[in-house]
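To start, the structure under review is shown below, and the notes come after it.
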Amino acid sequence: MAGRAGRHPPVGPLRVRTRSGTVRGVLPIGLTGGIGAGKSTVAAGFVARGAELIDADAIAREVVRPGGPAFEPIVRRFGPTVVAADGTLDRAALARIVFSDPAERAALEAVTHPAIGAEMRARVAALEGRRGVVVLDIPLLDDRSIEAYGLAGVVVVDLPEDEAVARLVGHRGFTESDARARVAAQMSRVERRRLAELTPLGAVIDNSAGRRALEARIAEVWARLAEAAGVGES
């Protein structure tokens, strides 16, 4: 579901503001969704149709590697128990700390978010001179992200919480209690869906009706984005 008709002006390829300048010609679209909602499938569908993808989760893994900008600050804040025997970050140990305590999660985000944001802006800037849709896959996307990246649209992948928990347990090896804790720690479905209404090209992709319906909805949303970007469908 897109934003209300008539609420936003027409949108085409934009100048994307970054701290190092502007990037012309790309249409920046945020992609978000709760854990287990199927966001990766939607991202892959957009990429297959020609989108450039900047994945915040992949960048998050990079910035916490030894030598990365967030590794030492995390170890200083949370202690040596979050370091694995091989010297890398023990992500499972860290997750057990932060997903059960909102204050600890906020402390982690205060370290990681600036590092992730800086790298994402650098990758957007690297698209200087190109034309088309760039999808910023941001699980923790919020109002501030819309402004920070100049997003023309927010695409929200939506799935009822019980279905998301079932997928995490059945396909990703979570225990039910851990899966529910991860879902509960995130933005609510109502809040997340609201983000789609804040941008001209916002849309909600419902992933509860099966793969065929999902593929049809991906194609529908992509056609609208491609038209706005002036690149046609592929």
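The values are calculated or read from the model by the stated rules, or taken from the named source; none is laboratory data. Everything numeric here is computed off the predicted structure, so don't read it as measured data. Please note: Cβ atoms are built from the backbone with ideal geometry, for glycine as well, and neighbour counts cover all protein chains shown.
The table below gives the values:
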item: Candidates Arg96, Arg65, filtered to the one that is within 20 Å of Pro139 (Cα to Cα), assigned to a loop (DSSP other than H, G, I, E, B) and of a type in the set (Lys, Arg); result: Arg65
item: Where a residue in segment 83-104 is within 17 Å of Arg180 (Cβ to Cβ) and its partner, wherever it lies, is part of a helix (DSSP H, G or I) and aromatic (Phe, Trp, Tyr), with Cβ under 9 Å and at least six apart; result: Val98/Phe78
item: Residue pairs meeting the criteria (Cβ under 9 Å; at least 6 apart or on separate chains; first without any contact (Cβ under 8 Å) to a residue 60 or more places away in the chain and of a type outside the set (Phe, Trp, Tyr), in segment 69-80; second outside any helix (DSSP H, G or I) and surrounded by fewer than 18 Cβ atoms within 10 Å (Cβ to Cβ)); result: Glu72/Pro66
item: Close pairs (6 angstrom Cβ cut-off, 6 or more residues apart or separate chains): crowded, with 19+ Cβ neighbours inside 10 Å in segment 208-227, acidic (Asp, Glu) anywhere; result: Ala226/Glu233
item: Test set (1) surrounded by 15 or more Cβ atoms within 10 Å (Cβ to Cβ); (2) within 23 Å of Gly38 (Cα to Cα) - Glu104 fails condition number; result: (2)
item: Unique residue being over 17 Å from Leu198 (Cα atoms), touching a Ser or Thr at 6+ places or on another chain (Cβ under 7 Å) and not polar (S, T, N, Q) when the list is Ala110, Ala125; result: Ala125
item: Count - residues of segment 44-78 that are farther than 17 Å from His113 by Cβ and buried (at least 22 other Cβ atoms within 10 Å of the Cβ); result: 2
item: Given (1) charged (D, E, K, R); (2) closer than 23 Å to Arg192 by Cα; (3) touching a strand residue (DSSP E or B) at 6+ places or on another chain (Cβ under 7 Å), number of the condition Asp90 does not satisfy; result: (2)
item: Hits in segment 154-173 - residues which are in contact with a helix residue (DSSP H, G or I) (Cβ under 7 Å, 6 or more places away or on another chain) and surrounded by 19 or more Cβ atoms within 10 Å (Cβ to Cβ); result: Val154, Val155, Val156, Val157, Asp158, Ala164, Val165, Leu168
item: Verdict on Ala103 being in contact with a Ser or Thr (Cβ under 7 Å, 6 or more places away or on another chain), part of a helix (DSSP H, G or I) and over 30 Å from Ala229 (Cα atoms); result: no
item: Residue check, Ser234 at pLDDT below 90, polar (S, T, N, Q) and either over 30 Å from Ala103 (Cβ atoms) or surrounded by fewer than 19 Cβ atoms within 10 Å (Cβ to Cβ) (or both); result: yes
